[in-house]
Amino acid sequence: MMKTDISFLGSLLAVASSLTAQVYQTKTGNISFVNTAATGSFDAQNNQVIAALSTENGTVQFRVPVNSFQFKKELMQQHFQENYMESATFPNASFSGKLVNASGVNFQTPGTYNVKVKGDMTMHGVTKVIEVPGQIVVSATGVTLKANFDILCSDYSINIPRNNASAVSDKVAISVNCALTPRA
Amino acid sequence: MVKHWIVGISLLAASSLSAQDDLLGDMPSEPLKTPVNFAFKTTRVVNLQSVETLGMGVFDFKIQHRFGALNSGASNAFGLDLATIRIGGEYGLTPKVTLGLGRSPVEKTVDGYAKIKWVQQMRGGGSPISVLTVASAAYRNQNYTADPSTVERLAYVGQVIVGRKFSEKLSVQVVPSVVHYNWVNVAVPNTQFALGLGMRRKLTMRSSLNLEWIPVLSDKGTFYNSFSIGMDVETGGHVFQMGFTNSIGLSENLFLTRNTTQWNNAGIRFGFNMSRVFTLIDPRD
């Protein structure tokens, strides 16, 4: 009798923990970037970003299909995929990390919270630990993740040939804007 | 009893672990079906149309240049003294429809074509091949002693392009073609059939080796099959294609079935295509 009670309690606890651990997600998040070099700048947009956040432990994860970045010029998109990102070999870029100060965010109270996120950024087959500032906007319908930060192509073994250096800069300004809704 | 505690705790641990480690586990790893793009660097293999079409609102200014034949002798600097140039342009009406127009000096030909992509090769389900059609018409503006009529001066070509990008490095295409001249001034049938074969092998990220062979399947008179070997080199907004071919004509009606020189006795010529693309409409608008 006692045995049954304990195992029942155990599974009850497990269920309860999964109820409070709310996960928010999206498959249509937006990530864009701007590259500003000596002879001009160009940008690209991606509206097929997969992102998820767990309120339980502040885990934040992104998966970014590289071929979904849209450029103004088709030739740029071709160069981006074939010559820089090598997307046939590395189809996704990803980030897996945690909110550094998750306790500062109240997911029950609508508002804008400044946060820091730290974790593994994987791109072009190279993983690097990064820590970037961002914002979490809690609303009645969900949670929006926002961040603006710079990365260096050279950190991810993305080689810019010397004679393209005036058109393509090593530094890329990344902008994240992903509206997440509760997972069903 | 201890056992049950362990079960309970491990259940808890499992639930929090799964939430922590992989939130994206049950989400698709990439968009399920994506088009397989960029089988060739430009809309041409060497002479043949490739499976590529232009993006919507893209204008491709093309200059195709062929020198004289290597066997034209030292006095012609082995062909470098002679030049045949087609000046042309292509425009992407939609991502699947490209229209082209050009003029070249062989028989003073003005040629126009419509290229349509009917089937797009996809990854992750969908078609394993791309299928396109090319319909082209050429008007020969030369002064002939027979003085053909306007209609007689027209020639048409119909092509089906079946192509596949097998890997990042290798693309292959097969191009059954029919050529019809309303009027012929040489001893060949008005209608001829040819089978274009083209392939690309990427050498580096920015260069590739292209091969092209076009056996004529019907009576080809005294003409020779076209064979070309080329190399694509990409430099920013330009693609530079250079190579050797025994074809001098630069429109479909000419290079498919009207090749007067052959590889066997060095009747080949150095040539290049220069392609410069201009984006007139931002596809994201």
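Every number in this text was worked out from the coordinates using simple rules, so none of it is lab data. For clarity, every value in this text was computed on a predicted model and none was experimentally measured. Every residue, glycine among them, receives a Cβ derived from its backbone with ideal geometry; neighbour counts consider all protein chains shown.
Remarks
- Using Cβ point charges alone (K and R +1, D and E -1), the dipole size of the protein assembly as shown about the Cα centre works out to roughly 340 debye.
- Bridgeable lysines around B:Lys96 (alpha carbons under 27 Å apart, same-chain partners fewer than 8 residues away excluded): A:Lys72, A:Lys73, B:Lys33, B:Lys41, B:Lys62, B:Lys115, B:Lys117, B:Lys165, B:Lys169, B:Lys202.
- Segment A:24-56 and segment B:172-195 have Cα centres lying 51 Å from one another.
- For chain B, the longest piece that avoids every one of the chymotrypsin sites (Phe, Trp or Tyr not before Pro) found in DSSP loops with at most 14 other C-beta atoms within 10 Å covers B:1-143.
- For chain A, the longest principal axis of the alpha carbon atoms and the long axis of helix A:2-20 meet at an angle near 40°.
- Selected from A:Ala102, A:Ile50, A:Ala173, residue furthest toward positive end of dipole (segment A:22-182; charges at beta carbon): A:Ala102
- Per-residue shielding of A:75-82, expressed as the average number of other chain Cβ atoms within 10 Å of the residue Cβ, stands at 6.
- Close amide-amide hydrogen proximity is noted between A:Gln70 and A:Gln45, A:Asn46, each under 5 Å apart and 5 or more residues distant or on a separate chain (H modeled in the peptide plane; Pro and chain starts excluded).
- Average beta-carbon neighbours from other chains, 10 Å sphere, peptide A:63-73: 4
- Debye, to nearest 20: dipole size of segment B:33-279, +1 on Lys, Arg Cβ, -1 on Asp, Glu Cβ: 720 debye
- Farthest positive-ward along the protein assembly as shown dipole, Cα basis, beta-carbon charges - from B:Phe61, A:Asn83, A:Tyr156: B:Phe61
- 0 to 90° range, to nearest 10: angle between helix B:2-21 axis and chain B longest Cα axis: 30 degrees
- Note on chain B: with a GNM built from Cα contacts shorter than 10 Å, the maximum mean-square fluctuation among B:Ala39, B:Ala137, B:Ala266 falls on B:Ala266.
- Along the axis of the charge dipole computed for chain B (Cβ charges of +1 for Lys and Arg, -1 for Asp and Glu, origin at the Cα centre), the listed residues B:Gln262, B:Asn190, B:Val110 are led at the positive end by B:Gln262.
- Contour excess over end-to-end distance, with Cα ends at B:Lys108 and B:Asp22 and 0.36 nm allotted per residue: 24.4 nm
- When shorter helices are ignored and each DSSP H run of at least 4 residues is given -39500 (n - 2.57), the per-residue value for chain B at 222 nm works out to -2500 deg cm²/dmol.
- Number of partner chain Cβ atoms within 10 Å, mean per residue of A:44-54: 3
- Once the Kirkwood radius over Cα pairs is known for segment A:22-182, the Stokes-Einstein relation at 10 °C and 1.306 mPa s delivers a diffusion coefficient of 97 µm²/s.
- Alpha-carbon centroids, segment B:30-100 and segment B:123-156: separation in whole Å: 15 Å
- Protection proxy ranking for B:119-130, A:89-100, using the average of other Cβ atoms within 10 Å per residue and placing the highest first: A:89-100, B:119-130.
- Placing +1 on the Cβ of every Lys and Arg and -1 on the Cβ of every Asp and Glu, with nothing else charged, gives chain A a dipole about its Cα centre of roughly 200 debye.
- Estimated Rh, the protein assembly as shown: Kirkwood, alpha-carbon pairs, angstrom: 25.9 Å
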